């Protein structure tokens with residue numbers, strides 16, 4: 001608890017800046033200890049299925065969409081590090097300007113910052129008595145995977161895959177309602193079959209009428225930044241796939257199309273196609 005209390009106290013402006021810019025092994029060890037202390041305890045009430053899953057995949061592949069649906073289906077929290085970063089950005093706290101520069105350039109955020117944000121979210125989960133989790137966006141590097149492995153036992157890693165041309169189109173088509181925060185996509189992706197690959201059709205996910213005039217585009221969803229994010233992912237995060245593949249925990253899943261088609265096939269791959277609540281989660 002001393003380590004956890006120290007981490008909470010470090011959230012003052014000067015101390016937090018020092019903690020998050022430190023790149024030594026000592027800094028990572030402290031972050032790892034804080035992460036371990038913040039992991040949620042088992043739910044004594046027996047609610048939900050206590051899974052500890054990770055979603056991998058390129059930016060824009062749909063990790064958040066499918067992780068959120070599985071979270072609802074299984075009754076465990078969905079923890080997306082991308083959302084944690086965006087919340088920190090909107091908070092105008094001491095980290096917001098530093099994070100804005102990193103995100104707008106399509107670069108990876110340091111291990112210390114991500115682990116600090118994740119530790120804080122898991123502290124909240126523990127306080128609420130939540131059990132298990134589905135991580136989305138973490139780990140992104142082998143170092144992060146090693147830290148996570150050192151503090152908890154991940155059950156399964158789901159690696160979502162999608163053709164690059166579809167990924168870019170999806171990212172450029174993303175829209176957010178500035179009023180309700182709903183996520184939509186105006187891109188209609190229709191890739192003809194060629195070289196033995198089947199046709200891929202992904203219809204747009206259009207907003208309801210009340211949101212149409214309030215749609216905004218994320219500042220980092222430009223073609224230049226999207227391509228840079230994909231390059232960074234290929235260079236630095238693909239080794240994470242091999243890390244979990246070598247441990248027999250990686251499930252490769254090629255998205256065949258839009259949500260209705262992909263969701264049912266993903267449930268089948270996870271042996272969840274007979275789950276009583278699957279229709280509710282897919283709504």
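Worth a mention:
- Residue list for the range 237-254, given a label point 7 angstrom along the Cα-to-Cβ vector of residue 163 and an amide N cut-off under 18 Å: 253-254
- The range 111-199: C-alpha pair distances exceeding 15 Å, %: 75 percent
- Estimated FRET transfer efficiency when R0 is 30 angstrom, pair residue 236-residue 214 (beta carbons, to 0.05): 0.25
- When the alpha carbon gyration tensor of the range 49-183 is reduced to an equivalent ellipsoid, the three semi-axes, largest first, read 22, 19, 17 Å.
- Here's the picture: a label point sits 7 Å out from the Cα of residue 246 along the beta-carbon direction, and within the range 131-174 the residues with their amide nitrogen under 15 Å of it are 141-147, 149-150.
- The overall shape of the range 91-250, judged from the alpha-carbon gyration tensor, is oblate: a/c is not under 1.5, and a/b is no greater than b/c.
- Put a dot 7 Å past the Cα of residue 86, heading toward its Cβ, do the same for residue 223, and the two dots end up 2.4 nm apart.
- In the frame of its principal axes, the range 193-283 has Cα extents of 48, 41, 29 Å, reported largest first.
- With a cut-off of 20 Å on the backbone N, the residues of the range 199-237 near the modelled label site 7 Å out from residue 179 along Cα-Cβ are 205-218.
- Neighbour-count order for 202, 236, fewest beta carbons within 10 angstrom listed first: 236, 202
No lab work stands behind these numbers, since they all come straight from the coordinates. Model, not experiment: these values are computed from the prediction. Don't worry about glycine lacking a Cβ; one is built from the backbone with ideal geometry, like all the others, and counts go over all protein chains shown.
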